[in-house]
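Visitor: Encoded as structure tokens, here's the structure I'll be asking about.
Nothing in this text is a laboratory measurement; each read-out follows from the coordinates by a stated rule. Just so we're clear, the structure is a prediction, and the values are computed from it rather than from any experiment. Glycine also receives a Cβ, built like all others from the backbone with ideal geometry; neighbour counts cover every protein chain displayed.
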Amino acid sequence: MELRHLKFFVAVATEGSFSKAAHLLHTSQPSLGRQIGDFELHVGVPLLVRDSRGCVLTPAGHAMLEQARIILSQVETAKQVARQAALSEKQSLTIGFISGYELEWFPKVIEMFRPELETVEIAVQSRMAPELTQALVSGEIDVALLRVDIRPSDLVFEPLFTEPLLAVMPVNHRLASSSVLDAKSFDDELMISMAKRTSPTLRRLSDNYLAHSSVTVRRGPEAENLTMAVGLVLSEQAVCLMPRYVERLLPPTMTFRHLREPAPTIEMFVGYSRLRSNPLLETFLSRVHAVGKAYEAEISKSPD
């Protein structure tokens, strides 16, 4: 006796007709009749009696119908319990990205874990670098791609890639007429800077780049994040120095210009806690550096 026998029997008994049950089960009526006959042989007693209106249950058939429904229900319950158990056993990894990088890097992470996608869960959080550092310390996230300003002793930071800074501006800005800019280009320009609180490394690098060339800019409002920076650059008709990854995120009303070599570069790290272990973290670290090198080669190509 097999489960299909129980399913076929319940269908025939419920419909009261072999033809209706065969249609419901997407099988032929003769085949269904043979299956029910085999089932009755296994049970050892008649379960159904055909009549002019279809078929009716014998007393044994009524008893079997009740038990068959219980068995099929228990089988479905067992399947759901097993699936839930499998889900609870899935390994998980929570990855933090500096706001904006997840758009570029999340597809790369999915590709890195493609062989294991059915058995792992990848979660993503997008925050500013100082918040990511704190989330690593607290264990809220397992690993992060971030810029490093402070180095808590419990965390490990491995260099991942560097990328050049570029200047972003509205498409109708006067500097947009130049193909390449240098620090002197920004003399007396209105400059949007990233806030020290949220982007300390980027802010320090930008300020040092301008100060090294003795450039004096007009300081505009500070931006807390990428979205705010884009809005301020447009509304103030200003310029902002940003990592090169933003060139793919700019709206049509904005453009970018490369900085003359040697352009300042900013370093990204992969950070994690030395106090916590996660098999998926080890897998991530074993694969992410190759992806980082390829990404760096792509974004560091000289402008045409």
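Visitor: Please compute the modelled spin-label separation between residue 78 and residue 247, points set 7 Å along Cα→Cβ, answer in nm with one decimal.
Guide: Going by the 7 Å Cα→Cβ label model, 6.0 nm.
Visitor: State, as an integer percentage, the relative contact order of the chain based on alpha-carbon contacts under 8 Å between residues 6 or more apart. Present the calculation step by step, with values, prior to reporting the outcome.
Guide: Working: 450 pairs, mean separation 59.7, N = 304.
Computed value for the chain: 20 percent relative contact order.
Visitor: Sticking with this one: Please work out the Kirkwood hydrodynamic radius for segment 163-304, using every pair of different C-alpha atoms, and report it in angstroms with one decimal place. Don't jump to the answer; show the numbers that get you there.
Guide: On the way: mean 1/r = 0.0611 Å⁻¹.
Taking the inverse mean of 1/r over all distinct Cα pairs, segment 163-304 comes out at 16.4 Å.
Visitor: Quickly rank 50-61, 12-23 as a protection proxy: mean count of other C-beta atoms within 10 Å, highest first. Could you put the intermediate results ahead of the total?
Guide: Values: 50-61: 13.1, 12-23: 18.2.
Final packing ranking: 12-23, 50-61.
Visitor: Then there is this: Can you list residues from other chains, or at least 5 along the same chain, whose modelled amide H is less than 5 Å from the amide H of residue 125?
Guide: 95, 96, 97
Visitor: Using the 2.2 N^0.38 Å rule of thumb for compact globular proteins, work out how segment 201-251 stacks up: its C-alpha Rg over that value, please. Walk me through the numbers on the way to the answer.
Guide: Working: Rg = 11.4 Å, N = 51, 2.2 N^0.38 = 9.8 Å.
Taking the Cα Rg and dividing by 2.2 N^0.38 Å, one obtains 1.17.
Visitor: Then there's this: First measure r as the distance between the Cβ atoms of residue 3 and residue 123, then evaluate 1/(1 + (r/R0)^6) with R0 = 30 Å and state the FRET efficiency to the nearest 0.05.
Guide: Working: r = 37 Å, r/R0 = 1.25.
So the FRET efficiency works out to roughly 0.20.
Visitor: List, in order, the whole-Hz ³J(HN,Hα) value for each residue of segment 197-209 obtained from phi through the Karplus relation with A = 6.51, B = -1.76, C = 1.60 and θ = phi - 60°; use x for Gly and Pro.
Guide: 5, 9, 9, x, 5, 5, 5, 5, 5, 5, 4, 5, 4
Visitor: Give the whole-number value, in cubic angstrom per residue, of the convex hull volume spanned by the C-alpha atoms of segment 44-183.
Guide: Values: hull volume 38.8 nm³, N = 140.
Spread over its residues, the Cα hull of segment 44-183 gives 277 Å³ apiece.
Visitor: Separate question: Would you mind checking segment 243-286 for residues with the amide N under 16 Å from a putative spin-label position 7 Å along Cα→C-beta of residue 106?
Guide: Of the residues in segment 243-286, 249 have backbone N under 16 Å from the label point off residue 106.
Visitor: Run the helix sum for the chain: -39,500 (n - 2.57) per DSSP H stretch of 4+ residues, divided by residue count, reported at 222 nm to the nearest 500 deg cm²/dmol. Please list the in-between numbers first.
Guide: Values: 9 runs with 133 residues, N = 304.
That calculation yields -14500 deg cm²/dmol at 222 nm.
Visitor: Against the longest alpha carbon principal axis of the chain, how many degrees, from 0 to 90 and to the nearest 10, is the axis of helix 101-112 turned?
Guide: So the helix axis and the longest Cα principal axis differ by about 50 degrees.
Visitor: Using a Gaussian network model of the chain with C-alpha springs under 10 Å, which one of 230, 49, 168 is most mobile by mean-square fluctuation?
Guide: Greatest mean-square fluctuation among the candidates belongs to 49.
Visitor: Where q = 0.12, 0.16, 0.17, 0.26 Å⁻¹, what log10 of I(q)/I(0) comes from the Debye formula for segment 3-87, counting one point per Cα?
Guide: Debye intensities relative to I(0), on a log10 scale: -0.38, -0.62, -0.68, -1.30.
Visitor: If N is the number of residues in segment 146-214, what value comes out of its Cα radius of gyration divided by 2.2 N^0.38 Å? Before the final figure, lay out each step's value.
Guide: Values: Rg = 15.2 Å, N = 69, 2.2 N^0.38 = 11.0 Å.
Dividing the Cα Rg of segment 146-214 by 2.2 N^0.38 Å gives 1.38.
Visitor: Using 0.36 nm times the number of residues separating residue 278 and residue 34, minus their current alpha carbon distance, what extension gain do you get? List each step's numbers first, then the result.
Guide: Details: separation 244, 0.36 × 244 = 87.84 nm, distance 5.47 nm.
Taking 0.36 nm per residue and subtracting the Cα distance, the gain is 82.4 nm.
Visitor: On to the next question. Nearest 20 debye, what's the magnitude of the dipole of the chain about its Cα centre given +1 on Lys and Arg Cβ and -1 on Asp and Glu Cβ? Don't jump to the answer; show the numbers that get you there.
Guide: Working: 32 positive and 36 negative charges, 79 e Å.
So the magnitude is around 380 debye.
Visitor: List the residues whose amide H sits under 5 Å from the amide H of residue 193, counting only those 5 or more places along or on another chain, with H placed 1.01 Å from N in the peptide plane.
Guide: 220, 223
Visitor: Could you name the lysines whose alpha carbon sits less than 19 Å from that of residue 293, not counting residues in the same chain fewer than 8 places away?
Guide: Within the straight-line limit of under 19 Å, residue 293 reaches these lysines: 108, 301.
Visitor: Only sites in a loop by DSSP and with at most 16 other Cβ atoms within 10 Å count here; which GluC sites (Glu not before Pro) in segment 199-271 make the cut?
Guide: Details: sites: 222, 224, 236, 247, 267; in loops: 224.
Passing sites in segment 199-271 are 224.
Visitor: How many percent of the alpha carbon pairs in the chain exceed a separation of 28 Å?
Guide: 57 percent
Visitor: Pick out, from 269, 58, 73, the residue whose Cα sits farthest towards the positive end of the charge dipole of the chain, with +1 on the Cβ of Lys and Arg and -1 on the Cβ of Asp and Glu.
Guide: So the residue furthest toward the plus end is 58.
Visitor: For a quick check: with amide H placed at 1.01 Å from N, whose amide H comes under 5 Å from residue 160's, ignoring anything fewer than 5 positions away on the same chain?
Guide: 268, 269, 270
Visitor: GluC sites (Glu not before Pro) within segment 67-147: which are DSSP loop residues with at most 11 other Cβ atoms inside 10 Å? Intermediate values should be presented prior to the final figure.
Guide: Working: sites: 76, 89, 102, 104, 111, 116, 118, 121, 131, 140; in loops: 89, 118, 140.
Qualifying residues, ordered by number: 89, 118.
Visitor: For segment 146-198 and segment 1-69, compute the distance between their C-alpha centroids and round to whole Å.
Guide: Segment 146-198 and segment 1-69 have Cα centres separated by 74 Å.
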